[in-house]
Amino acid sequence: MELHTKQCGLIIGLSIILAYACLARAETHYHNFVIQPTPVKRLCNNHVIMTVNGQFPGPTLQVRNGDTVVIKATNAGKYNITLHWHGIRQMRTPWADGPEYVTQCPIRPGGTYTYRYTIEEQEGTLWWHAHSKWLRATVYGALVIYPKLGSSYPFPKPAREFPLILGEWWNRDPMQVLQQSMITGAGPNVSDAYTINGQPGDLYSCSSRDTTTFPVKAGETILLRIINAALNQQLFFAIANHQMTVVEADAAYTKPFTTNIVMIGPGQTTNVLITANQPPGRYYIAATAYSSAPGVAFDNTTTTAILEYTSQRFSRPVLPQLPAWNDTNTANSFTAQFRSISRGKVPLQIDQNLFFTVNLGSINCSRPSFRCQAPNNTMFTASMNNVSFVLPRRNSILQAMYQNTPGVFTTDFPPVPPLQFDYTGNVSRGLWTPTRGTKLYKLKFGSHVQIILQNTNIVTVEDHPMHLHGYHFFVVGTGKGNFNPQTDPARFNLVDPPVRNTVGTTPGGWVAIRFIADNPGVWLMHCHLDVHISWGLAMVFLVENGVGELQTLEAPPRDLPQC
Ligand code: C2O
């Protein structure tokens, strides 16, 4: 911010016309992010967690569409780390995207790296988080992109706005929770609490004093920028006695619709307007698990914050009604209401027709061992098209691609499953075990891509929030059971499909997405339930350069960390 503002000051002295041009100009925002161990008290105990600048949640970035962001990250902790700007398109700047070993080697303890990127044609709520093992459990914050100066929201300007970040809290170091599950082969321990802006709220012990409150004046309309930063859990969200109007998701405006319940998957954001039209008082805002996989353990607690009419500090809040944890119908009918306000054209002709199964899996152990504590002496795993993704160790995929270093990855990720089967039926055990590899799928610059993400009943069906880096995409269709290429495309919405960067696969169903591969680089696609990434539920696209500078990825920054 500093630089341009000062230059503007000088120019304002010279001429009003020039000053106007200057105000409308994009800014550059400089920030220092120091990743550091920080003591906090939660759920009656003292803990040391990793934070950015000692803040939990971390600092909110506030920028405008067209601005440039420069963040110097310093690793003052003991773990390797990277930062990811979730949903930012990173046009030609995959070097700043952040996933560890995909677009960069990690920042070592004591090291630094400067992330530099420009916001191009994006507006709304996104967020940033660590992209290294499970560090994002506490290293995250909101990233708010306002419209350019002189333009405005496609809805009346709210009186106030608040980021509302849903998180997931462990009473142990989340890195140890992950490590333990990797050693035992079983699922990780479920979390001990959910949080709203870092606080669990009144329903947990020793937490009431610090419950998050959102002040509102009677009659006014406010905007909540809801972000699901939870590690492993989709959440239902509601506000007692107040309807919400959804106006934006994943930094794409939607046709407004009203709802009592929001379902939000990890990685997703949803902006809602709320009008304080109830008797002045205090009303609970609450979130609890939506768990789509039958028989899978989850944290069944409820986090709360308070919507507080400013004149009513002391009245007793009421809780909203939340759906049952397994209420897939409510989750699906909420999601079905999204329609975008046009964000470019939906590709109608498809060059790349891809079909990816999204699977859990298990590895059989010949004899019982400590590493095989999943049911029936197995180890859990996960895959797409039967490939369980393995991160390289010696180099990042992007560096290897840029420098033509052989042996780091291959480009033979299968466009369709190696074997067709009744994906959502009773899948025979013989099909539960994937192969492993660092496999990429190559896309020509500008190709029109369709991907069917088909959920399978391997181990269990489950709603996987699938996130694609470097892109947003149109969600053109979804359905139950196996995708039928003869009949299902006829029902696709090619007129106003929702635009997202993270989409849930219907449990035991499929979802169809489309995008134009106009951003060269390597881009990770993965399930945003972190437990599943660790098991390999990911793949990577390699998008080739097009013609000329504007279609070619930039050179790596000089301070890019080396492995
Ligand atoms: Cu929210 Cu791969 O990231």
One residue from Gln420, Gln454 being farther than 30 Å from Gln551 by Cβ, among the polar types (S, T, N, Q) and free of Cβ contacts under 8 Å to residues at least 40 places away in the same chain: Gln420
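Condition check ((1) surrounded by 14 or more Cβ atoms within 10 Å (Cβ to Cβ); (2) among the β-branched types (Val, Ile, Thr); (3) modelled with pLDDT of 95 or more) across all residues:
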site: Val390; (1), (2), (3): yes, yes, yes
site: Arg393; (1), (2), (3): no, no, no
site: Tyr402; (1), (2), (3): yes, no, yes
site: Phe409; (1), (2), (3): yes, no, yes
site: Gln420; (1), (2), (3): no, no, yes
site: Gly425; (1), (2), (3): no, no, yes
Qualifying position, being among the β-branched types (Val, Ile, Thr), surrounded by fewer than 22 Cβ atoms within 10 Å (Cβ to Cβ) and in a loop (DSSP other than H, G, I, E, B), among Val190, Val177: Val190
Extreme residue, nearest to Val318 (Cα to Cα), among residues of the stretch 232-251 that are in a strand (DSSP E or B) and within 16 Å of the ligand (Cβ to nearest atom): Leu235
Whichever residue in the stretch 209-231 is assigned to a strand (DSSP E or B) and of a type in the set (S, T, N, Q) and, among such residues, is surrounded by the most Cβ atoms within 10 Å (Cβ to Cβ): Asn228
Among (1) touching a strand residue (DSSP E or B) at 6+ places or on another chain (Cβ under 8 Å); (2) open to solvent by 10 Å² or more (accessible area, probe 1.4 Å); (3) not in a strand (DSSP E or B); (4) not hydrophobic (A, V, I, L, M, F, W, C), the one test that Thr114 misses: (3)
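This table checks each residue for (1) more than 24 Å from Arg136 (Cβ to Cβ); (2) within 16 Å of the ligand (Cβ to nearest atom).
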position	(1), (2)
Lys255	yes, no
Thr259	yes, no
Thr269	no, yes
Ile274	yes, no
Ala287	no, no
Gly295	yes, no
Checking Tyr471 against (1) open to solvent by 20 Å² or more (accessible area, probe 1.4 Å); (2) among the hydroxyl-bearing types (Ser, Thr, Tyr); (3) within 16 Å of the ligand (Cβ to nearest atom), the condition it does not meet: (1)
Some residue of the stretch 31-53 being within 15 Å of the ligand (Cβ to nearest atom) and closer than 30 Å to Gln403 by Cβ: no
Candidates Gly509, Gly536, Gly548 - the one that is of a type outside the set (Val, Ile, Thr) and within 18 Å of the chain's Cα centre (by Cα): Gly536
Positions within the stretch 66-107 being part of a strand (DSSP E or B) and within 12 Å of the ligand (Cβ to nearest atom), in sequence order: Leu83, His84, Trp85, His86, Glu100
In the stretch 483-502, the residues that are of a type outside the set (A, V, I, L, M, F, W, C) and either within 14 Å of the ligand (Cβ to nearest atom) or out of contact with any strand residue (DSSP E or B) (no Cβ under 7 Å at 6 or more places or on another chain) (or both): Asn484, Pro485, Gln486, Thr487, Pro489, Arg500, Asn501, Thr502
Residue, surrounded by the fewest Cβ atoms within 10 Å (Cβ to Cβ), within the stretch 482-494, restricted to residues that are part of a loop (DSSP other than H, G, I, E, B) and hydrophobic (A, V, I, L, M, F, W, C): Leu494
Given (1) open to solvent by 10 Å² or more (accessible area, probe 1.4 Å); (2) more than 14 Å from Ala287 (Cβ to Cβ), number of the condition Val144 does not satisfy: (1)
Number of positions in the stretch 495-509 that are in contact with a Lys or Arg (Cβ under 8 Å, 6 or more places away or on another chain), not aliphatic (A, V, I, L, M) and not in a loop (DSSP other than H, G, I, E, B): 1
Yes/no for Trp95 being among the aromatic types (Phe, Trp, Tyr), under 17 Å from the mean Cα position of the chain (by Cα) and surrounded by 24 or more Cβ atoms within 10 Å (Cβ to Cβ): no
Given (1) within 16 Å of the ligand (Cβ to nearest atom); (2) in the same structural domain as Asp192 (by TED's automatic domain parsing); (3) among the aliphatic types (A, V, I, L, M); (4) under 28 Å from Thr438 (Cβ atoms), number of the condition Val177 does not satisfy: (1)
Some residue of the stretch 117-140 being away from the ligand (no atom under 16 Å from the Cβ), surrounded by fewer than 23 Cβ atoms within 10 Å (Cβ to Cβ) and either free of Cβ contacts under 8 Å to residues at least 24 places away in the same chain or hydrophobic (A, V, I, L, M, F, W, C) (or both): no
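For (1) outside any loop (DSSP other than H, G, I, E, B); (2) within 28 Å of Thr460 (Cα to Cα); (3) charged (D, E, K, R); (4) open to solvent by less than 60 Å² (accessible area, probe 1.4 Å), each residue gets a yes or a no:
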| position | (1), (2), (3), (4) |
| --- | --- |
| Gly295 | no, yes, no, no |
| Asn300 | no, yes, no, no |
| Glu308 | yes, no, yes, yes |
| Pro323 | no, yes, no, yes |
| Asn326 | no, yes, no, no |
| Thr330 | yes, yes, no, yes |
| Ser333 | yes, yes, no, no |
| Ser342 | no, no, no, no |
| Lys345 | no, no, yes, no |
Members of the stretch 284-336 found to be of a type in the set (D, E, K, R) and closer than 29 Å to Pro256 by Cβ, listed by number: Glu308, Asp327
Of all residues making up the stretch 506-527, the number that are touching an Asp or Glu at 6+ places or on another chain (Cβ under 8 Å) and either surrounded by fewer than 24 Cβ atoms within 10 Å (Cβ to Cβ) or at pLDDT below 95 (or both): 3
Subset of the stretch 297-354 (residues that are hydroxyl-bearing (Ser, Thr, Tyr) and without any contact (Cβ under 8 Å) to a residue 60 or more places away in the chain): Ser315, Ser333
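The values are calculated or read from the model by the stated rules, or taken from the named source; none is laboratory data. What you see is a predicted model, and the numbers here were worked out from it, not measured in a lab. Cβ coordinates were reconstructed from backbone atoms using ideal geometry, including for glycine residues, and neighbour counts include every protein chain displayed. Side chains included, ligands, DNA and RNA excluded: accessible areas come from the protein's heavy atoms. Shrake-Rupley method; radii C 1.70, N 1.55, O 1.52, S 1.80 Å.
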